[in-house]
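The values are calculated or read from the model by the stated rules, or taken from the named source; none is laboratory data. Since the structure is predicted, the reported quantities are computational estimates derived from the model, not experimental observations. So basically every Cβ, Gly included, is an ideal-geometry build from the backbone, and we count neighbours across all protein chains shown.
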Amino acid sequence: MIPGDGIGQEVVAQGLKVLNAVLPADVKLETKEYDLGARRWHRTGETLPDAELDALKTHDAILLGAIGDPSVPSGVLERGLLLKLRFAFDHFINLRPSKLFPNTATPLAGRPDIDFVVVREGTEGPYTGNGGSLRTGTPAEVATEVSVNTAYGVERVVRDAFARAQARPRKKLTLVHKNNVLVFAGHLWKNIFDTVAKEYPDVTTDYLHVDAATIFFVTQPERFDVIVTDNLFGDILTDLAAAVTGGIGLAASGNINPTGAFPSMFEPVHGSAPDIAGQGKADPTATVLSVALLLRHLGYESEAARIEDAVQADLAARDGSARTTDEIGDALAVRVSG
Ligand code: ATP
Ligand code: MG
């Protein structure tokens, strides 16, 4: 566990509570807490020392709360901790399921059957730090931010997405890109997508330009089952997906290395929320749902489903009265063990 900063501490405690409640008695859970994040950086100047990176490698999975605080210069913890972990453990799949839960504040409330998952590439695209600036700070400045797309990187995420689509009842996979304008990267993605599709004849495939996809996320979200897309488009689409399906307090995610070579990491999509930290106001549901993703990744499917059912029931029973972080965690723990 890396509880991290702000409400990260509060929500990870609830995630652990529910994890303990859902696991069968014969499963022995061992956890270790890593003190990483803003406080550690202030105390020691360290973000993620190699010794701790090596220690983290020995675990089956990582549960992260949130990293970041306004007192730390922007980029220090993102690059020194979050991106360092992502590249060291080769988390090339960023998984974000979106389901329309009951009783949630969403512009799409009452729409039937919104249940899709975005498979976002995690290690390439414009997020590799490949680029630069010439004549910086002058009126003639030129800045480039190169999008890196390798056949190796695209194929492995596309394969993962096809496998996920095949395992779901609707078996539909949509590739989202912008290959009419970003022709080089776009054609690499489309060619690999079409080639791998031949191995999955029972998966229905679709292609959408990213601008069209944003429209359909709002107007026809039920048309999506599994979506595969690059790092940048995925970043934007997954926040949109969270907003239209119930808000940031419910959005769970996984940074996954499906090969099992390194531990995968699960975390709520929201940040450390310094505005409400320490007040017991944070909704731990996104973290609890991240625990469900963690369990499913490790093969505990029935426990994962019990957590998701518990969240569904808890949300359906909400009557608008305020509950503390702890109270929501307790209620979910009771539901998964009952
Ligand atoms: P980061 O840069 O770390 O991603 P952010 O600026 O995107 O942070 P968040 O920390 O995600 O912001 O918070 C955005 C808003 O959502 C804040 O007003 C915060 O209080 C609220 N919020 C975030 N997570 C939760 C939660 N679990 N429960 C309730 N409110 C939340
Ligand atoms: Mg954010």
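Observations on the model:
- T44 vs. criteria more than 16 Å from ligand 2 (Cβ to nearest atom), among the hydroxyl-bearing types (S, T, Y) and more than 27 Å from R306 (Cβ to Cβ): yes
- Among the residues of this structure, L63 does not count as one that is away from ligand 1 (no atom under 15 Å from the Cβ), assigned by TED's automatic domain parsing to the domain that holds P284 and not basic (K, R).
- The set of residues from the stretch 264-275 being within 15 Å of ligand 2 (Cβ to nearest atom) and either within 14 Å of the chain's Cα centre (by Cα) or outside the structural domain of D326 (by TED's automatic domain parsing) (or both) comprises E267, P268, V269, H270, G271.
- Tallying residues that are free of Cβ contacts under 8 Å to residues at least 40 places away in the same chain and more than 13 Å from I7 (Cα to Cα) within the stretch 260-275 yields 1.
- Residue match in the stretch 311-319 (condition: β-branched (V, I, T), in a helix (DSSP H, G or I), away from ligand 2 (no atom under 16 Å from the Cβ) and in contact (Cβ under 8 Å) with a residue 12 or more places away in the chain): yes
- Residue check for A282: part of a loop (DSSP other than H, G, I, E, B), in contact with a His (Cβ under 9 Å, 6 or more places away or on another chain) and under 18 Å from E327 (Cβ atoms): yes
- Given (1) in a loop (DSSP other than H, G, I, E, B); (2) at pLDDT below 95; (3) within 11 Å of ligand 1 (Cβ to nearest atom); (4) crowded, with 20+ Cβ neighbours inside 10 Å, number of the condition G246 does not satisfy: (3)
- Restricting the stretch 198-243 to residues that are more than 16 Å from ligand 1 (Cβ to nearest atom) and of a type in the set (S, T, N, Q), the residue that is surrounded by the most Cβ atoms within 10 Å (Cβ to Cβ): T229
- Of all residues in the stretch 276-302, those that are closer than 19 Å to N255 by Cβ and within 16 Å of ligand 2 (Cβ to nearest atom) have Cβ atoms under 7 Å from Cβ atoms of residues that are aliphatic (A, V, I, L, M) and modelled with pLDDT of 95 or more, 6 or more apart or on another chain, in A286/A252; T287/V11; T287/V12; S290/L63; S290/A252.
- Number of positions in the stretch 48-96 that are of a type in the set (K, R), out of contact with any Pro (no Cβ under 8 Å at 6 or more places or on another chain) and surrounded by fewer than 16 Cβ atoms within 10 Å (Cβ to Cβ): 1
- So G249, is it in contact (Cβ under 8 Å) with a residue 60 or more places away in the chain and within 16 Å of ligand 2 (Cβ to nearest atom): no
- Taking first residues from the stretch 23-37 that are farther than 20 Å from G8 by Cβ and partners that are surrounded by fewer than 10 Cβ atoms within 10 Å (Cβ to Cβ) and among the aliphatic types (A, V, I, L, M), the Cβ contacts under 6 Å between residues at least 6 apart in sequence or on separate chains come to L23/L29.
- Some residue of the stretch 252-259 being within 13 Å of ligand 2 (Cβ to nearest atom) and under 15 Å from the mean Cα position of the chain (by Cα): yes
- One residue from R168, R159, R135 being over 20 Å from R86 (Cβ atoms), free of Cβ contacts under 8 Å to residues at least 40 places away in the same chain, out of contact with any Lys or Arg (no Cβ under 9 Å at 6 or more places or on another chain) and not hydrophobic (A, V, I, L, M, F, W, C): R135
- Residues located in the stretch 252-271, provided they are surrounded by 24 or more Cβ atoms within 10 Å (Cβ to Cβ) and among the hydrophobic types (A, V, I, L, M, F, W, C): A252, I256, M265, F266
Per-residue answers, yes or no, for (1) in a loop (DSSP other than H, G, I, E, B); (2) touching a His at 6+ places or on another chain (Cβ under 8 Å); (3) closer than 27 Å to T205 by Cα:
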residue	(1), (2), (3)
T259	yes, no, yes
D275	yes, no, no
G278	yes, no, no
S302	no, no, no
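- Here is the figure for the stretch 205-240: residues that are within 16 Å of ligand 2 (Cβ to nearest atom), more than 19 Å from F162 (Cβ to Cβ) and touching a helix residue (DSSP H, G or I) at 6+ places or on another chain (Cβ under 7 Å) total 1.
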